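Heads up, the thing below is written out as structure tokens.
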Amino acid sequence: MNENINKGALFNASCLALITTALSFSIRAGILPELGREFGLTAEQLGFINSMWFLGFPISMILGGIFYHTVGPKNIMRIAFITHTLGIILTIYAQGYGLLLISTLFIGFGNGCTEAACNPMIADMYSGVKMNKMLNRFHMWFPGGIVIGSLVSKFMTDSGFGWQAQMWVIMIPTIAYAVLFFGKTFPKPTVEGVTSLASNVKALFSPVFIFLFICMALTAISEFGPQQWVNIVMSESGASGMLILALTTGVMAVGRFFAGPVVKTLGQTGVLLGGAIFATLGVYLFSVVTGPMAYFAAIIFAIGVCYFWPVMVGAVAQRVPLSGALGMSIIGGVGMFSTAIFQPIIGKWIDTARLVHDTELAAGQATLLKMVSFPGILIVLFIIFFIWQKNAKSTEVMTAH
């Protein structure tokens, strides 16, 4: 049924849509100081603008998952294009705080639509090890796009380009993915019964899905928690926060590109367990090292977290297939919600540590040491999952293409 689909064009368009998401993440971060100066915004107001990005994302992801089989991925990507374009243009012509809030919400909504449409579409186009490989190659473009966006923003800022010009850059992949998707036939679901929302919801209550749901909350904060705070901490230690971010996301992009043979050799459960061990070691190293050794810690941490997000999505597609697009969207949504919920908790840890420790570095490293608990718990959970799913391994090999 899906043999006449132009898989290459659909996959490349999906990657361009994810690059749009990544550029909106990194370029908006790069222009925040300028927005603050131009509109006279406080740090709290800038924080609320940022939070709109994280709010729009899970809302549209979960809505997209619920209506995926009714509306279809083609229409979800049309909505993504409209909301991305509206968000970018409204930001460029914003006259103040209110419109910046609304425009960022639009961009976040478009980003969530991208994940809601493209994850299940890729899972329908490929199966087994090939599906895991292609999901990782797709998700490679989030860290890859952040590297591109960070460098573009830095170069344009240093060259005297205003924030409006930087926002126009996000329109390039936006138009490109719309052109590539235009007129293409999208794949049909490959699992019988997956189009039934009742079947999807029933599958959400299966033991495997509930287990993966809990694990996703921890894998997401293991990835985004240290990334958000390590730059601040490490800049006090003689290492460059921006270089650590670029190194981390660069290693993650390369790791995801070569995910095929890694997943084939270790299987999903082996990759997740190995990732938890490396992530725990990486966060622990961040909490004790200073100076150039922080770059080594960044590499270990990146190896640990690089497969978490795409392999968790792949595990839902492969091990709870009847959950369909809804299952994949909910897994992505819980990852984003978990990140949003834990951020103030981590901030409180830092505030508390500041009362005890003399320096910012000591307070930050004490907080990072607490964050070791996130991937540490995952080691235990993924050992359980590895043993539990050993019987399912034969199915995994049989479906591998």
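The values are calculated or read from the model by the stated rules, or taken from the named source; none is laboratory data. Predicted model only: the values in this text are computed from it and were never measured. Note that we place each Cβ from the backbone using ideal geometry, even for glycine, and neighbour counts take in every protein chain shown. These accessible areas exclude ligands, DNA and RNA; they are computed on the full protein's heavy atoms, side chains included. Shrake-Rupley method; radii C 1.70, N 1.55, O 1.52, S 1.80 Å.
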Place a point 7 Å from the Cα of PHE257 in the direction of its beta carbon; the residues of region 103-137 whose amide N falls under 20 Å from it are 130-137
When the helix-only estimate is applied to the chain (DSSP H runs of n ≥ 4, each -39,500 (n - 2.57), divided by the residue count), what is the mean residue ellipticity at 222 nm, nearest 500 deg cm²/dmol? -29000 deg cm²/dmol
The lysines whose Cα lies under 18 Å from the Cα of LYS188, excluding any fewer than 8 residues away in the same chain, are LYS7, LYS74, LYS130
Just tell me which lysines come within less than 19 Å, Cα to Cα, of LYS370; anything on the same chain fewer than 8 places away is out. LYS348
Roughly how many nanometres apart are two label points built 7 Å out from the Cα toward the Cβ at TYR93 and VAL288? 5.7
Gap in Å between the Cα centre of region 33-49 and the Cα centre of region 152-169? 17
Do you know the relative contact order of the chain, to the nearest whole percent, from alpha carbon pairs under 8 angstrom that are 6+ apart? 24
Would you calculate the separation in nanometres between label points at VAL356 and ASN12, each defined as 7 Å from the Cα along the Cα-to-beta-carbon direction? 5.4
Please compute the per residue accessible area over region 134-187 with all protein chains in place, 1.4 Å probe, rounded to a whole number of Å². 44
Simple SL model, points at 7 angstrom along Cα→Cβ for ASP158 and SER196; separation in nm is 5.9
Provide the gained length on full extension for the span ILE377 to SER240, in nm with one decimal, where the gain is 0.36 nm per separating residue minus the Cα-Cα distance. 46.4 nm
Axial C-alpha extent at least 30 Å, average Kyte-Doolittle at least 0.5 - helices from the chain (DSSP): 7-39, 43-71, 97-125, 207-235, 259-288, 324-356
Please find the FRET efficiency linking GLU38 to ILE175, where r is the Cβ-Cβ separation and R0 is fixed at 35 Å, and quote it to the nearest 0.05. 0.85
